[in-house]
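Everything on this sheet refers to the single structure shown next.
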Amino acid sequence: MASRGRRPELQGPPELYYDKNEARKYVRNSRMIDVQIKMTGRALELLCVPEDKPCYVLDIGCGTGLSGDYLSDEGHYWVGIDISPAMLDEALDRETQGDVILGDMGQGIPFKPGTFDACISISAVQWLCNANKKSDIPARRLYCFFSSLYSVLVRGGRAVLQLYPENSEQLELITTQATRAGFTGGVVVDYPNSAKAKKFYLCLFSGPSASLPEGLSEDTEEEKPAESTFTAGRIPYRIARRGVVRKSREWVLEKKARRRRQGKEVRPDTQYTGRKRKPRF
C-alpha cells in the first residue's frame, strides 16, 4: 500500500489537485509516462481482449490520454472520461485519437447500456474512497460508479482497474461495492513482495465468472528503477514506448510473449519472426 503522506487523493479533490502544473508532468516527465504506459499494457493484457479484432474501450480517469494512445496503437477505439479540465486540455493539445469528456465517475458513467466491449482505468478508482465534502459518501459513490459501469459494458465484457488502495479496509470497500453492483472477479497483485513495483489490478467480469489471471512476480520479470527526467516539450508517444514500432520484430516478440502469459498457444520464435515479406508481383 502507498505511503499516506504522499497520497495525492488526501491533498484535495482531483479536479483541483490535477491542475495545469500537474497535467504538464504527464506529458513531460519521462518516468511518469513510462510507468503509465507499462500499467496500461498490463491492464490490456489482463483484459484478454481478442488481438485480431478492434474493441471499443472505455478509459476511466483518462487524464492526458497516455493510456488511450496505447489503446490506439494496439488497434482499439476508445473514449475517455476525466474530472480534471487541465488534464483533458493536455489530451486535446496532444490530439489523441479517442474522444474525451469531462465527468465525475462517482456520479455514474453517462453512456447507454452495452456501449463498450471493455474498460480500463489507471490510478483513478481510489479517489472515490475519500469524501471531499459532506455530501460525498464513499460507499454510495463507489456503488454508483460500479453499477453504471456494469450497465455500459456489453454482456460478458471485462474491466481492469489499476488502483492504489491505502489499506486492506479500503480495498475491501471497493471490491464489496463492485460485487454488489453485479460484477464477479477479483484482485490480481503484481510483484507482491516488492515495495516499489507492487501493483493492484481489480479484474471484473460482467458475465459468468472466469478464472483470474496470475499476477507477475520477481521470478517472471525484474523491474529496474528508472530515473525521472524532464524535458522542455512533450515526449512523443512512440519514443516513450522505447522505440517499439508497430509490426517490428520487437513488437511481434512482445505481443507473442504477452499471449504466452495469457496461456494461449503461440508459434515458437524463429529467425523469421517479424521479418518483412517481399511484395508479390
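Could you say whether any residue in segment 75-86 is open to solvent by less than 50 Å² (accessible area, probe 1.4 Å), over 23 Å from Phe145 (Cα atoms), of a type outside the set (Asp, Glu) and free of Cβ contacts under 8 Å to residues at least 60 places away in the same chain? So that I can check it myself, show each step before the final result.
Let us first name the residues in segment 75-86 that are open to solvent by less than 50 Å² (accessible area, probe 1.4 Å), namely 75-76, 78-84, 86.
Checking which are over 23 Å from Phe145 (Cα atoms) leaves us with 75-76.
Pick out the ones that are also of a type outside the set (Asp, Glu) and you get 75-76.
Subset that is free of Cβ contacts under 8 Å to residues at least 60 places away in the same chain: 75-76.
Taking every residue of segment 75-86 in turn, at least one turns out to be open to solvent by less than 50 Å² (accessible area, probe 1.4 Å), over 23 Å from Phe145 (Cα atoms), of a type outside the set (Asp, Glu) and free of Cβ contacts under 8 Å to residues at least 60 places away in the same chain.
Given the conditions (1) surrounded by fewer than 20 Cβ atoms within 10 Å (Cβ to Cβ); (2) more than 16 Å from Tyr17 (Cβ to Cβ); (3) acidic (Asp, Glu), which single one is not true for Asp89?
Just one mismatch for Asp89, condition (2).
Failed condition for Glu172, given (1) over 28 Å from Tyr26 (Cβ atoms); (2) outside any helix (DSSP H, G or I), with all others met?
The failed condition is (2).
Would you point out which residue out of Gly274, Gly186 is out of contact with any Gly (no Cβ under 8 Å at 6 or more places or on another chain), farther than 30 Å from Leu128 by Cβ and either of a type outside the set (Ser, Thr, Tyr) or modelled with pLDDT under 85 (or both)?
Gly274
Under 9 Å between Cβ atoms, which residue pairs at least 6 apart in sequence (or on different chains) link something in segment 257-274 that is open to solvent by less than 40 Å² (accessible area, probe 1.4 Å) with a partner that is acidic (Asp, Glu) and modelled with pLDDT under 80?
Listed pairs, sorted by first residue: Arg258/Glu51.
Which of the residues that make up segment 104-134 are of a type outside the set (D, E, K, R), assigned to a loop (DSSP other than H, G, I, E, B) and over 12 Å from Ile60 (Cα atoms)?
Going through segment 104-134, the residues of a type outside the set (D, E, K, R) turn out to be 105-111, 113-116, 118-132.
Narrowing further to those that are assigned to a loop (DSSP other than H, G, I, E, B): 108-111, 113-115, 123-124, 130-132.
Passing the criteria: Phe111, Pro113, Gly114, Thr115, Asn130, Ala131, Asn132.
Here are the criteria: (1) out of contact with any Leu (no Cβ under 9 Å at 6 or more places or on another chain); (2) farther than 22 Å from Ala210 by Cβ. Tell me which single one Tyr56 does not satisfy.
(2)
One line per residue, one yes/no per condition, for (1) among the aromatic types (Phe, Trp, Tyr); (2) part of a helix (DSSP H, G or I); (3) modelled with pLDDT of 90 or more; (4) open to solvent by 20 Å² or more (accessible area, probe 1.4 Å):
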position	(1), (2), (3), (4)
Ala2	no, no, no, yes
Glu15	no, yes, no, yes
Asn21	no, yes, yes, yes
Val35	no, yes, yes, yes
Lys38	no, yes, yes, yes
Leu46	no, yes, yes, no
Glu51	no, no, no, yes
Pro54	no, no, yes, yes
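Of the residues in segment 100-151, how many are among the acidic types (Asp, Glu) and surrounded by 15 or more Cβ atoms within 10 Å (Cβ to Cβ)?
Qualifying residue count for the region: 2.
Could you list all residues from segment 159-191 that are open to solvent by 60 Å² or more (accessible area, probe 1.4 Å) and not β-branched (Val, Ile, Thr)?
Filtering segment 159-191 for residues open to solvent by 60 Å² or more (accessible area, probe 1.4 Å) gives 164, 168-169, 172, 176, 179-180.
Tyr164, Ser168, Glu169, Glu172, Arg180, listed by residue number.
Any residue at all in segment 124-132 that's more than 24 Å from Val27 (Cβ to Cβ), among the hydrophobic types (A, V, I, L, M, F, W, C) and without any contact (Cβ under 8 Å) to a residue 12 or more places away in the chain?
Checked against the condition, which is being more than 24 Å from Val27 (Cβ to Cβ), among the hydrophobic types (A, V, I, L, M, F, W, C) and without any contact (Cβ under 8 Å) to a residue 12 or more places away in the chain, segment 124-132 yields at least one hit.
The values are calculated or read from the model by the stated rules, or taken from the named source; none is laboratory data. This structure is a prediction, so every number in the text was calculated from the model and none was measured. A quick note on method: Cβ atoms are made from the backbone with ideal geometry, for glycine too, and the neighbour counts reach across all protein chains shown. Surface accessibility is based on the protein's heavy atoms, side chains included, excluding ligands, DNA and RNA. Shrake-Rupley method; radii C 1.70, N 1.55, O 1.52, S 1.80 Å.
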